[in-house]
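Written out below as structure tokens is the structure these notes cover.
The values are calculated or read from the model by the stated rules, or taken from the named source; none is laboratory data. Everything numeric here is computed off the predicted structure, so don't read it as measured data. With ideal geometry, Cβ positions are generated from the backbone for all residues, glycine too; neighbour counts draw on all protein chains shown.
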Amino acid sequence: MEQYVIKGGTPLVGEVEIGGAKNAALAILAAAIMTDETVTIENLPNVRDINALLEAMAEIGARIDRLDDHTVKINGAFVRDVPVDYDSMKKIRASYYLLGSLLGKYKRAEVILPGGCNIGSRPMDLHIKGFRALGATVEIRGGAVAAQADRLRGNHIYLDKVSVGATINIMMAASMAEGKTTIENAAKEPHVVDVANFLNSMGANIRGAGTDVIRIVGVSKLHRTEYSIIPDQIEAGTFMFAAAATKGDVTVKNVIPKHLEATTAKLLEVGCEVEELDDAVRVVASKPLRNTQVTTLPYPGFPTDMQPQMAVLLGIASGTSTVTESIFENRFKYVDELTRMGAAIKVESNIAIITGVHHYMGARVSAPDLRAGAALVIAGLSGEGVTVVDDIHYIQRGYEDFEGKLQSLGAQMERVSTEKELQKFRFKVS
Ligand code: EPZ
């Protein structure tokens, strides 16, 4: 199995290009098959989750033409709305976006029910509530969600909880329903806006994305488009926090600073200098880190996908900090791993109480999920000694060339796949 091996203690310095937003791209790929014409998508992140979804879409008949690592042409004319129960579907939760796109276009869809993952149960009750409100019958059978409608009619839908996935899935189905749909208490994440803009570029009529009320007037047909995915705010935030944790000076490029406001605010609170440029943000961490408090919230609050990275940073800040996770019920699994690197963290219910230590010590740790894995890499980069991170396939789901980008900033780290390579790296840095 591949591992990252890291020699800590080197400040990260330089510039890094941020890729397209994984969580926008997954939904946009699913929406691309809602037309029979060809759709071109650019600035696609070349990560495992994207490649898994493209593989699943090809298996149900989508014509996929990968022009390069970051550009794809898709034609959904030959998509069959048959049960989507391929193994590739089980690889990623976001395959559930095919429910909204296939239901919208074919008025029927069946997709493997996503398994839970390591941050919580990941229910779909709000998605199902929305599809039923549009007139679909939805049932769970054989581990799959099956939705069907003679006709989809617009409706007024109130989401009991703010849900990115449910907002996007309902928006896709409603874009080809008859009449008007209103989604109240909608998620406002930048990737929700990106999916709405993408659908509108195909001829949909969606207004209000980015606010908590989205209004949709259904259309009968969608057409070709060429679209470029927005930058990934979480990849950007991850590199900004890596700069802060290693006392570095890093400029993240190809970003939308407005999407990073909550992340930037926390870096300022802990004592970093942050400079915003048009499409870049520079983080300089020359002073000792200070403690603070943070609670994860739906956008524009502090993102739950930056929660592990925040805890790693506060783990080496002076004083006591708290991190409250209000979105997922089980997103502190990495704390045990971080404790093995010398962190002083106590989790009580959904709050982590963190007493800052001077530095982390290298250890062998295992990535429990995508963002926690990236956070453990940051801990290794900032600490002393050598850290080995196992299960890096989680990290590769959402970060393109993670080690290459960090190496370009001066990180002493490698991706190894044999004990021999690991020992060679240890010898080289000893
Ligand atoms: C998306 O997940 C992202 N994944 C997650 O990123 C991200 O953490 C999350 O949004 C929150 O921002 C993708 O976009 C592929 P939710 P999603 O529906 O849509 C509850 C990453 O690291 N809920 O906004 O599944 C749910 O349990 C991943 O890239 C219901 O109760 O998240 C959670 O507590 C991790 N019923 C809360 O809502 C539902 O029907 C928010 O979940 C749906 C969700």
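So here's what we get for this one:
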{"item": "Flag if ILE354 is within 16 Å of the ligand (Cβ to nearest atom) and either buried (at least 19 other Cβ atoms within 10 Å of the Cβ) or under 26 Å from LEU26 (Cα atoms) (or both)", "result": "no"}
{"item": "Matching option when the condition is of a type in the set (Val, Ile, Thr), free of Cβ contacts under 8 Å to residues at least 24 places away in the same chain and farther than 21 Å from ALA177 by Cα, among ILE92, ILE64, ILE60, ILE50", "result": "ILE64"}
{"item": "Elements of type helices (runs of 4 or more DSSP H) contained in region 116-231, each with 2 or more residues being touching a Ser or Thr at 6+ places or on another chain (Cβ under 9 Å), away from the ligand (no atom under 13 Å from the Cβ) and under 25 Å from GLY76 (Cα atoms)", "result": "164-174, 190-201"}
{"item": "Residue among THR181, THR137 that is more than 30 Å from ASP278 (Cα to Cα), among the hydroxyl-bearing types (Ser, Thr, Tyr) and in contact (Cβ under 8 Å) with a residue 40 or more places away in the chain", "result": "THR181"}
{"item": "Given (1) modelled with pLDDT under 95; (2) acidic (Asp, Glu); (3) surrounded by 19 or more Cβ atoms within 10 Å (Cβ to Cβ), index of the condition ASP305 fails", "result": "(1)"}
{"item": "Residues within region 270-307 that are over 15 Å from ALA243 (Cα atoms) and assigned to a helix (DSSP H, G or I), tallied", "result": "3"}
{"item": "Every residue from region 125-144 that is crowded, with 18+ Cβ neighbours inside 10 Å, of a type in the set (Gly, Ala, Ser) and out of contact with any Leu (no Cβ under 8 Å at 6 or more places or on another chain)", "result": "ALA133"}
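Table: residues versus (1) among the aliphatic types (A, V, I, L, M); (2) assigned by TED's automatic domain parsing to the domain that holds GLU400.
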site	(1), (2)
LEU12	yes, yes
THR35	no, no
ASN46	no, no
GLU55	no, no
VAL72	yes, no
ASN75	no, no
ARG80	no, no
LEU99	yes, no
LEU102	yes, no
